[in-house]
Amino acid sequence: MSESKPQSGEAQQSPAPRKRRGKKMFLLLGVVVVLGGGAGAAWQLVPGVADKVHAMIGHHDQVAAAVSSRPVFIDLPEMALTLPNGGHPRQMRIKLSVELAPGASEQQATDALSPRVYDALLTYLRTLQDGEVDGGLGLDRLRADLYRRLELVVGPGVLKDVLITSLVMA
């Protein structure tokens with residue numbers, strides 16, 4: 001009978017190693033979760049990490065497709081002009097960047113820098129009245145009008161957006 005029943009000393013010794021093993025497993029699981037979370041955050045938040053990982057594991061074709069789908073921006077030179085202001089002229093300096101639509105060709109990109117583009121922009125900008133550019137809503141209207149006029153000059157489907165990178169009114 002004594003062989004079938006565990007002694008009181010044996011019963012107390014077997015739970016102790018399980019607690020140690022449980023603590024080690026819990027600590028190991030915590031380290032894995034922290035490292036996995038850090039890797040996932042780096043994958044999503046740090047630019048270029050996903051491309052480098054794909055290149056390391058052999059997904060070169062996907063990396064090339066991802067690189068080609070990045071937006072293409074063309075910076076236009078700064079324009080300085082005088083605005084009519086009811087007899088009190090104001091000076092405006094504006095710098096724009098044009099984002100090309102995905103799939104736009106090299107020829108369409110060079111057309112975006114043509115003298116016709118500058119002529120269309122200057123013709124529109126010189127007609128602005130005082131107060132039309134003031135405030136956030138005025139800048140949104142200005143961007144929308146610039147986009148519409150540029151799209152008329154370079155053609156539909158070439159531009160994705162017009163960005164105002166610098167605007168000074170004096």
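The values are calculated or read from the model by the stated rules, or taken from the named source; none is laboratory data. It should be emphasised that the depicted structure is a prediction, and the values quoted were computed from it without experimental measurement. Counting neighbours? That spans all protein chains shown, and the Cβs are built from the backbone with ideal geometry, glycine included.
Report yes if some residue within the range 136-144 is part of a helix (DSSP H, G or I), of a type in the set (Gly, Ala, Ser) and modelled with pLDDT under 85; otherwise report no. Checked the range 136-144: at least one residue is part of a helix (DSSP H, G or I), of a type in the set (Gly, Ala, Ser) and modelled with pLDDT under 85. Looking for something at pLDDT below 85 and either hydroxyl-bearing (Ser, Thr, Tyr) or in contact with a strand residue (DSSP E or B) (Cβ under 6 Å, 6 or more places away or on another chain) (or both) - is there at least one such residue anywhere in the range 55-68? Within the range 55-68 (the criterion being at pLDDT below 85 and either hydroxyl-bearing (Ser, Thr, Tyr) or in contact with a strand residue (DSSP E or B) (Cβ under 6 Å, 6 or more places away or on another chain) (or both)), the answer is yes, since at least one residue qualifies.
Checking Val32, Val117, Val98 one by one, the residue that is modelled with pLDDT of 70 or more and over 28 Å from Asp134 (Cα atoms) is Val32 and no other. Residues in the range 128-154 that are surrounded by fewer than 12 Cβ atoms within 10 Å (Cβ to Cβ) and in contact (Cβ under 8 Å) with a residue 12 or more places away in the chain were compared, and the one that is farthest from the chain's Cα centre (by Cα) is Gln129. Applying the condition of being of a type in the set (A, V, I, L, M) and assigned to a loop (DSSP other than H, G, I, E, B) to the range 145-170 and asking which residue is nearest to Gln91 (Cα to Cα) yields Ala170.
Figure legend. Inter-residue proximity from the range 114-127: first residues hydroxyl-bearing (Ser, Thr, Tyr), second residues surrounded by 15 or more Cβ atoms within 10 Å (Cβ to Cβ), beta-carbon distance below 9 Å, spacing 6+ or different chains. Indicated pairs: Ser114/Val153; Ser114/Val154; Tyr118/Leu76; Thr123/Arg149; Tyr124/Asp145; Tyr124/Leu146; Tyr124/Arg149; Thr127/Leu83.
With respect to (1) at pLDDT 70 or above; (2) over 30 Å from Leu163 (Cβ atoms); (3) small (Gly, Ala, Ser), the lone exception for Ala50 is condition (2).
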